[in-house]
Amino acid sequence: MNDSYFSTRQYNTPAWKRLVMCQEIGHVLGLDHQDEAFDNTPMGTCMDYSSEPNPNQYPNQHDYDMLASLYSHFDSTTTLAQLDATVNPDIDHDNKKPGGKK
Ligand SMILES: [Ca+2]
Ligand SMILES: [Zn+2]
């Protein structure tokens, strides 16, 4: 984290720290901003740009719904075999068993 903003009195508060950490972790998990205007009513999610941090310290239901749609399913394809072939072209993918040693 670039914590240079926290040397500014206005931002060196628990609410701003929670908002920023929540938003950056949200980005790592694949979430985008829900809103990028600073001067409108806070949406109650850390994925909202706002000049009022207090209502925006945590994810809201939309963020949890997005995470569920991103992750609560099995992938229909995988590129793992391609990675194996690059790293070790001798791996026999046809005879690979689930849970077998690799
Ligand atoms: Ca906003
Ligand atoms: Zn952001």
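This table checks each residue for (1) in contact with a Cys (Cβ under 8 Å, 6 or more places away or on another chain); (2) modelled with pLDDT of 95 or more; (3) open to solvent by 60 Å² or more (accessible area, probe 1.4 Å).
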site: ASN2; (1), (2), (3): no, no, yes
site: ARG9; (1), (2), (3): no, no, yes
site: GLN23; (1), (2), (3): yes, yes, no
site: ALA37; (1), (2), (3): no, yes, no
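The residue list MET66, MET43 contains one member that is in contact with a His (Cβ under 9 Å, 6 or more places away or on another chain), modelled with pLDDT of 90 or more, among the hydrophobic types (A, V, I, L, M, F, W, C) and open to solvent by less than 90 Å² (accessible area, probe 1.4 Å), which is MET43. Filtered by the rule that a residue be within 14 Å of ligand 1 (Cβ to nearest atom), part of a loop (DSSP other than H, G, I, E, B) and open to solvent by 40 Å² or more (accessible area, probe 1.4 Å), the stretch 46-63 gives TYR49, SER51, GLU52. Scan (1) at pLDDT 95 or above; (2) within 15 Å of ligand 2 (Cβ to nearest atom) for the single condition GLU52 breaks and write down its number. Result: GLU52 passes all but (2).
Checked against (1) closer than 17 Å to TYR64 by Cβ; (2) within 15 Å of ligand 1 (Cβ to nearest atom), ALA37 passes all but a single condition, namely (1).
The values are calculated or read from the model by the stated rules, or taken from the named source; none is laboratory data. Computed from a predicted model, the values in this text were never measured in an experiment. Here the Cβ is made from the backbone with ideal geometry for all residues, glycine too, and neighbour counts use every protein chain on show. What goes into the accessible areas is simple: the full protein's heavy atoms, side chains included, and nothing from ligands, DNA or RNA. Shrake-Rupley method; radii C 1.70, N 1.55, O 1.52, S 1.80 Å.
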